[in-house]
Amino acid sequence: MDAENRITAASAGLLALIGVDERGVLGQPFMALLFDADRSAVAARLQEAREQGETVRFSARLRCGDGRFVGLAWSVIQAGSEGWLVLSAHEVGVNLDNAARLSPELTDRLTGLPALALFLQRVDHGLQRLRRNPSARFAVVSLGLDRFHLVNHRFGYWAGDLLLTEVAHRLQRNVRPTDLVSRVGGDEFCVLLEDVRDVAAPLRVVQRWREGVAVPFRVGNHELSWGFSAGVAVVDQAALSGETPLSSEAVLSEAQLAMREAKRQGARRR
């Protein structure tokens, strides 16, 4: 968006979601596309993004071509010094109310993903389930973006934030409803894979992400290519046999250690 909140570019994914073509949004005031009751709060958040120069998040409903409104969680990043903004969004539901939102302490401010505390709670539940069902198995995957600092250095921190948000959305679109994606911090993500069939299954999932998720995307006139290194911790009945009770923090730590070893051996390893 330009300094007057007019839309200057829109991704194919957003256009497909709301069912319009570029002619229906380019040059249009962003506020005109929002649900009436959301406009004043959104205007304040956009102004906050411009004044503070930091990533700002909010939820607001966007009008579709057929007149429906789709609820979206937005991340707004300042682009340059002319008051322009870059917005990214992911679908959270048609009707947004307080019950539909996670509390702030359970949400990553930049990406909207569940925060680490919620992720560890889910891993704890997996451990409890494993104690009740010896045949159960789950996995935690730790992902670290390769050479992420170069994006910040070359394009600026706003581009790095946009990349992190895009990675978050792509990962969410490529996991099952029972799985959970979280951002640990910085350029690291973690994914809980429920009901893993065998110990090799997480590696197949990581390879699928490498082929279908880690593909380039455009930021303005630039195409950003990125990759990741991954570490996996598979938890089954054998993992509970040690003298010390296994904790969710220990499971995540094992996956992170494996990811960092993969990074040490070279980019795009697992």
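The values are calculated or read from the model by the stated rules, or taken from the named source; none is laboratory data. Quantities reported herein were computed from a predicted structural model and do not represent experimental measurements. Cβ coordinates were reconstructed from backbone atoms using ideal geometry, including for glycine residues, and neighbour counts include every protein chain displayed. Accessible surface areas use protein heavy atoms only, side chains included; no ligands, DNA or RNA. Shrake-Rupley method; radii C 1.70, N 1.55, O 1.52, S 1.80 Å.
Listed values, structure above:
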{"item": "Hey, Val215 at pLDDT 90 or above and not in a helix (DSSP H, G or I) or not", "result": "no"}
{"item": "Members of the range 15-58 that are of a type in the set (Lys, Arg) and open to solvent by less than 70 Å² (accessible area, probe 1.4 Å)", "result": "Arg45, Arg50, Arg57"}
{"item": "Test for Trp158: is it of a type in the set (A, V, I, L, M, F, W, C), under 22 Å from Ser88 (Cα atoms) and open to solvent by 10 Å² or more (accessible area, probe 1.4 Å)", "result": "yes"}
{"item": "Neighbours by Cβ (under 6 Å, 6+ apart or cross-chain): first from the range 172-196, buried (at least 22 other Cβ atoms within 10 Å of the Cβ); second among the polar types (S, T, N, Q)", "result": "Val181/Gln172; Arg183/Thr111; Cys190/Ser142; Cys190/Ser182"}
{"item": "Gly242 being assigned to a loop (DSSP other than H, G, I, E, B), out of contact with any Phe, Trp or Tyr (no Cβ under 7 Å at 6 or more places or on another chain) and not hydrophobic (A, V, I, L, M, F, W, C)", "result": "yes"}
{"item": "Where Gly212 falls short, out of the listed (1) farther than 27 Å from Phe155 by Cβ; (2) exposed (fewer than 13 other Cβ atoms within 10 Å of the Cβ)", "result": "(1)"}
{"item": "Residue pairs meeting the criteria (Cβ under 9 Å; at least 6 apart or on separate chains; first in contact (Cβ under 8 Å) with a residue 60 or more places away in the chain and more than 16 Å from Glu166 (Cβ to Cβ), in the range 109-121; second surrounded by fewer than 19 Cβ atoms within 10 Å (Cβ to Cβ) and small (Gly, Ala, Ser))", "result": "Leu116/Gly185; Leu120/Ser247"}
